[in-house]
1. Test of understanding: among VAL337, VAL321, VAL305, VAL279, which residue is in a helix (DSSP H, G or I), of a type in the set (A, V, I, L, M, F, W, C), at pLDDT 95 or above and in contact with a Lys or Arg (Cβ under 9 Å, 6 or more places away or on another chain)?
2. Would you check if ILE352 is among the β-branched types (Val, Ile, Thr), within 30 Å of GLY239 (Cα to Cα) and either in contact with a helix residue (DSSP H, G or I) (Cβ under 6 Å, 6 or more places away or on another chain) or buried (at least 24 other Cβ atoms within 10 Å of the Cβ) (or both)?
3. Just give me the residues in the stretch 371-387 being under 19 Å from the mean Cα position of the chain (by Cα) and buried (at least 17 other Cβ atoms within 10 Å of the Cβ), in sequence order.
4. Quick one: which of PHE136, PHE124 is part of a helix (DSSP H, G or I) and buried (at least 23 other Cβ atoms within 10 Å of the Cβ)?
5. Within the stretch 229-245, can you find the residues that are at pLDDT below 80 and among the hydroxyl-bearing types (Ser, Thr, Tyr)?
6. If you check GLY86, GLY40, which single one turns out to be surrounded by fewer than 24 Cβ atoms within 10 Å (Cβ to Cβ), over 17 Å from LEU201 (Cβ atoms), free of Cβ contacts under 8 Å to residues at least 60 places away in the same chain and within 16 Å of the chain's Cα centre (by Cα)?
7. If ALA358 passes every condition in (1) within 30 Å of PHE214 (Cβ to Cβ); (2) in a loop (DSSP other than H, G, I, E, B); (3) not acidic (Asp, Glu) but one, which one does it miss?
8. With LEU250, LEU162 as the choices, which residue is touching a residue at least 12 places away in the same chain (Cβ under 8 Å) and not in a helix (DSSP H, G or I)?
Amino acid sequence: MTNNKNQSPFYSQLVQQLLPGLTVSFVAISLGAAFGVLSGRGALAGILSAGVIALITAAFGGTRIQCSGPTAPMTAVTILLVSAVGGGLLADHPDVDPDRFINLVLLLTGAMLIVASLLRLGRFIKLIPKIVISGFMNGIALLIWVGEFRSIFGIGGKTAYLGNVFVNLAIVLLTLSVIFTLPLLLRKVSDRLNSFFPATLIAIVVVSTLSNLFGLDVQHVSLGGSIESLTDIKGMIVGQLPTEWSLALLILAAPFVVQLAMLAYLDTLLTSLVVDRKVEIMHGRQDPTKPNQELCAQGIANAAVSVFGGIPGAQATIRSVLILNEGATMRLAGVLVGIFVLIEMLMFQDLISLIPQAVFSGVLLKVGYDVFDWMPVRQYISQLLQPSPAQLPPIGHSGMALIAGTALLTVLVNLSVAVIVFTIIFYLARKFGGIKDIKTESAMHDEG
């Protein structure tokens, strides 16, 4: 009996990690598939990446309790990369395989993050103003929304989903309705039910089931391959490993590498600040992230997904917060997310082809909503409607101009340029114009 009592606390702590790992794995596999489809690399690539990135970063990262994986911002840049490759970027290199080139970019992105960790660049995250982060998150949200509307309605040079456009639109709206309303209904019964029934997963299952029951003639998701044995994994790796390393290709890859590495840096380390604060509030102790160790783990993870044609990722805010809310107290919980995702993928891969493409459009429109930083906008509108002359507004005209400018430059040019340009503008405006950064952490969230 004494021996059992001595072992019980550790054993119960281990068991305690199972439920958070399982719960978050459902969210991770749903979003992994959605981001894989959105990126153009396929649902299988997205799910595999969700599992591998979560497993590696949880095991070796500088944030002890976390969940990483494909995120909306990283996927938005991946879309630009895939589109550029399909649009003639490699026209002067006809012998280069497009998929291998994309994987070369991901491999170099991982290497760049590892170099950043060795140079101890993690400390510079505090120099990026929150107001600029808010702007580029809004820009990413706009990119997602525009891309999905183009796919639904077949505008802007994109081919619409197969089937009647109004049927596809109805599927999108039904998906959005379930994702938005289900948490509200479950919360009236018990807050814990939201954890056991993730809205995104339930929406995918319910709407896909209805679509197939009614035999709707719409476009379905392509898994982009299948894994039945170790031979399939070996073939996938052999077929995806980068083989061309010429200087000309490295120059073509460089702009995308810089964008992805910078975004992974921002996405990851901003999330780590939120997680550190959450741990302090929940457990009354400080467990600060080791930023350079975290960057190194993210680099290894992003390099790892390149060997099987995956998609890049970073530490994901809402998934990391969710795993904490579910009671995770050890690294094991995040590792289990990755393991469960890979197991679920093997078990359910045949069912993914039953999901209508429009369902993931609904999921991704909600993702854009989650990425968009609404708080400064609400503060700004509130000040316009009910001005308070007794105190400075939390965000004024200049602040909103910076947010809007960063968002537009993110959409029209790229996020690296947007962050650099408007960070410089912010510090100049603060020095000569007295502008202040926003006092909110609302910019530090992602896709759920």
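The values are calculated or read from the model by the stated rules, or taken from the named source; none is laboratory data. The structure presented is a predicted model; accordingly, all values stated were derived computationally and were not measured. Ideal geometry is used to build each Cβ from the backbone, glycine not excepted, and the neighbour counts take in all protein chains shown.
1. On the way: VAL321 fails: at pLDDT 95 or above; VAL305 fails: in contact with a Lys or Arg (Cβ under 9 Å, 6 or more places away or on another chain); VAL279 fails: at pLDDT 95 or above.
Only one candidate passes the filter, namely VAL337.
2. yes
3. In the first step, residues of the stretch 371-387 are kept if they are under 19 Å from the mean Cα position of the chain (by Cα); the result is 371-374.
Scanning the stretch 371-387 gives VAL371, PHE372, ASP373.
4. PHE136
5. SER229, THR231
6. Result: GLY40 is the single residue among GLY86, GLY40 that is surrounded by fewer than 24 Cβ atoms within 10 Å (Cβ to Cβ), over 17 Å from LEU201 (Cβ atoms), free of Cβ contacts under 8 Å to residues at least 60 places away in the same chain and within 16 Å of the chain's Cα centre (by Cα).
7. Failing condition for ALA358: (2).
8. Answer to the selection: LEU162.
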